[in-house]
1. Collect the residues in the range 36-57 that are closer than 26 Å to residue 128 by Cβ and in contact with a helix residue (DSSP H, G or I) (Cβ under 6 Å, 6 or more places away or on another chain), keeping them in residue-number order.
2. If the requirement is being more than 24 Å from residue 16 (Cα to Cα), loosely packed, with under 13 Cβ neighbours inside 10 Å and free of Cβ contacts under 8 Å to residues at least 60 places away in the same chain, which of these qualifies: 122, 130, 91?
3. Within the range 77-91, track down each residue that is at pLDDT 95 or above and farther than 18 Å from residue 156 by Cβ.
4. Could you tell me which numbered condition residue 142 fails, if it satisfies all but one of (1) at pLDDT 95 or above; (2) assigned to a loop (DSSP other than H, G, I, E, B); (3) surrounded by 13 or more Cβ atoms within 10 Å (Cβ to Cβ)?
5. Among the residues of the range 120-135, which ones are touching a helix residue (DSSP H, G or I) at 6+ places or on another chain (Cβ under 7 Å) and either closer than 15 Å to residue 10 by Cβ or at pLDDT below 95 (or both)?
6. Say we look at the range 13-40 and pick out the residues that are touching a residue at least 60 places away in the same chain (Cβ under 8 Å) and closer than 14 Å to residue 164 by Cα; which of these is surrounded by the fewest Cβ atoms within 10 Å (Cβ to Cβ)?
7. Could you say whether any residue in the range 154-169 is at pLDDT below 95 and surrounded by fewer than 16 Cβ atoms within 10 Å (Cβ to Cβ)?
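The values are calculated or read from the model by the stated rules, or taken from the named source; none is laboratory data. Remember, predicted model here, so these are calculated numbers, not experimental data. Glycine gets a Cβ as well: all are built from the backbone with ideal geometry, and neighbour counts include every protein chain shown.
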């Protein structure tokens with residue numbers, strides 16, 4: 001088994017800077033979503049804490065993308081640490097925000113659709129990931145369509161929908 005951190009994510013490991021090019025490049029979906037959330041926060045900066053939360057979450061999602069590119073690229077220790085720390089921080093942010101939301105306010109119907117979309121995207125991403133890891137039925141290490149890459153895109157979109165629902169962004 002390879003010592004590269006992405007070895008379990010199906011795509012065959014190469015020798016170049018991007019050891020898993022499809023998985024590495026698909027990680028840019030997090031950077032794009034994070035950037036979009038930061039721009040939205042800037043445009044809505046008059047909304048106070050809501051825009052601060054949106055910007056902070058966008059920064060975490062973007063950091064996850066940078067860490068994930070490195071994780072599937074060179075796979076060095078620094079990118080592995082950034083990848084794992086950003087995932088942990090993003091999940092902690094979501095959990096803490098949801099606890100506060102449960103205590104403070106009920107969900108409005110406009111945002112409920114976004115929460116349903118986020119849940120559907122996350123559920124689909126989970127199934128794809130579970131079926132396409134190394135050695136699983138949908139794994140083809142040489143394919144340009146990698147299940148883990150699909151997982152990156154779907155989870156980035158799920159995080160986007162959650163953030164827009166949570167911070168009531170239009």
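1. Within the range 36-57, the first condition is being closer than 26 Å to residue 128 by Cβ, and the residues that meet it are 36-37, 57.
37, 57, listed by residue number.
2. Details: 122 fails: loosely packed, with under 13 Cβ neighbours inside 10 Å; 130 fails: loosely packed, with under 13 Cβ neighbours inside 10 Å.
After applying the criteria, what remains is 91.
3. Listed by number, the list holds a single entry, 81.
4. (3)
5. Just the residues of the range 120-135 that are touching a helix residue (DSSP H, G or I) at 6+ places or on another chain (Cβ under 7 Å), to begin with: 121-122, 124-125, 128-129, 131-134.
The answer is 125, 128, 129, 131, 132, 133, 134.
6. The qualifying residue surrounded by the fewest Cβ atoms within 10 Å (Cβ to Cβ) is 36.
7. yes
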